1. How large is the charge dipole for the chain, taken about the Cα centre, if only the Cβ atoms of Lys, Arg (+1) and Asp, Glu (-1) carry charge, to the nearest 20 debye?
2. Lys and Arg at +1, Asp and Glu at -1: add these up for the other residues within a Cβ distance under 14 Å of Phe126 and post the number.
3. How large is the accessible surface per residue of the chain, computed with a 1.4 Å probe and reported in Å² as a whole number?
4. Over the chain, what percent of the accessible surface lies on carbon and sulfur atoms, probe 1.4 Å?
5. Full-extension gain between Lys143 and Lys120, please, as 0.36 nm times their residue separation minus the C-alpha to C-alpha distance.
6. Determine ³J(HN,Hα), in whole Hz, for all residues of the stretch 122-133 in sequence, where each value follows from phi through the Karplus function 6.51 cos²θ - 1.76 cosθ + 1.60 and θ = phi - 60°; x replaces Gly and Pro.
7. Give me the number: length gained by fully extending Met1 to Lys60, i.e. 0.36 nm times residue separation minus the C-alpha to C-alpha distance, one decimal in nm.
8. How large are Rg and Dmax for the stretch 36-78 when calculated on the C-alpha trace, in angstrom?
Amino acid sequence: MSPDPIAIASDHGGFELKALLKEELAARGHAVIDLGSNDRDSVDYPDYAQALAQAIGAGKARRGILICGTGIGMSIAANRHPFLRAALVHDAFTARMARAHNDANVLVLGGRTIGPEIAKDCLAVFLDTAFEGGGRHARRVEKLSRLPASS
Ligand code: RB5
């Protein structure tokens, strides 16, 4: 089975890391759906998180990657979509937990907070780690999908 397509987007704070991770994804055989941004001009991260949510919502990709300067803005924006579980990770351990315990479908990275080798580690672990499923983790993720928008 060929690797699934991966959607990726960044703002100007993540543009350089996006270019690097696109190479990694291509080397692993993934088709890459690059939703911008396309240069270092200042842009608004919610617009790019929204583009990625639309791509996943439309079924163009099952998994995605978002990058801004810190990863914080992209996380806040992405997690407004109930079908996204976006995890801001900082190292291989948090990347592994994001998949194994949280079944994260969006990897979020800070282009200004981690170096390229750590980012590549995070990507590899995110792609290769399965959700543990069953029992308590599945119950908790299921509860996430049922959380009311406000109460
Ligand atoms: C842009 O300067 C920066 O605020 C943005 O990339 C991100 O870090 C926001 O959370």
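1. Charge dipole of the chain: 720 debye, to the nearest 20.
2. Around Phe126, the surrounding residues sum to +1.
3. The answer is 52 Å² per residue.
4. In the chain, the share of accessible area belonging to carbon and sulfur is 52 percent.
5. Once the chain is fully extended between Lys143 and Lys120, it gains 5.2 nm.
6. 4, 4, 4, 5, 4, 6, 9, 9, 8, 5, 5, x
7. Working it through step by step, the gained length comes to 19.5 nm.
8. Answer for the stretch 36-78, Rg first and Dmax second: 10.4, 29 Å.
The values are calculated or read from the model by the stated rules, or taken from the named source; none is laboratory data. Because the structure is predicted, anything quoted here is derived from the model rather than measured. Every residue, glycine among them, receives a Cβ derived from its backbone with ideal geometry; neighbour counts consider all protein chains shown. Surface accessibility is based on the protein's heavy atoms, side chains included, excluding ligands, DNA and RNA. Shrake-Rupley method; radii C 1.70, N 1.55, O 1.52, S 1.80 Å.
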